[in-house]
Amino acid sequence: MGQSDEQRKLGLKNHARVHFFRISTAILTWILLGATLIYKPEWIRNGMRAGTRAIEAVGDTLPSYWGAQAEIVLRELGGFLWLQITAAILFVRFVLWLVAAAWRWRGR
């Protein structure tokens with residue numbers, strides 16, 4: 001019924017690899033955001049403006065009561081900052097996935 005030692009080691013190795021990738025992409029994203037803040041702050045400004053417009057569009061499509069609540073949660077209670085960071089991390093991971101997929105495809 002139990003797993004063999006080799007299966008446990010493989011599972012732990014895979015678990016460590018996944019978390020190393022997650023942590024390293026988060027750190028890389030923070031470094032890239034810091035560099036962007038220093039060298040191209042207009043990119044962050046434009047992203048914030050686009051995010052604000054998107055949040056307002058979501059709020060406008062919902063009924064008045066729910067729309068107001070959605071805007072408050074997404075914009076004012078800290079959700080907007082974390083949405084931007086999450087989107088940036090997902091973008092970095094997507095780019096890395098594309099590079100890896102192209103590398104594997106080229107190796108065939």
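The values are calculated or read from the model by the stated rules, or taken from the named source; none is laboratory data. Nothing here was measured: the structure is a model prediction, and the numbers come from that model. Because the Cβ atoms are built from the backbone with ideal geometry, glycine has one as well, and the counts that use them run over all protein chains shown. Calculation scope for accessible area: heavy atoms of the full protein, side chains included, ligands and nucleic acids excluded. Shrake-Rupley method; radii C 1.70, N 1.55, O 1.52, S 1.80 Å.
Okay, here's what the table says:
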| read-out | value |
| --- | --- |
| Residue within segment 87-99 that is open to solvent by less than 50 Å² (accessible area, probe 1.4 Å), farther than 22 Å from residue 23 by Cα and not small (Gly, Ala, Ser) present | no |
| Some residue of segment 74-84 being under 26 Å from residue 29 (Cβ atoms) and either at pLDDT 85 or above or among the β-branched types (Val, Ile, Thr) (or both) | no |
| Identity of the residue in segment 1-31, open to solvent by 100 Å² or more (accessible area, probe 1.4 Å) and not in a helix (DSSP H, G or I), that ends up modelled with the highest pLDDT | 3 |
| Neighbours by Cβ (under 8 Å, 6+ apart or cross-chain): first from segment 87-99, under 9 Å from residue 29 (Cα atoms); second among the acidic types (Asp, Glu) and part of a helix (DSSP H, G or I) | none |
| Tally of residues being aliphatic (A, V, I, L, M), under 20 Å from the mean Cα position of the chain (by Cα) and more than 30 Å from residue 67 (Cβ to Cβ) across segment 17-53 | 9 |
| Selection count, segment 39-63, where residues are over 26 Å from residue 29 (Cβ atoms) and open to solvent by 100 Å² or more (accessible area, probe 1.4 Å) | 2 |
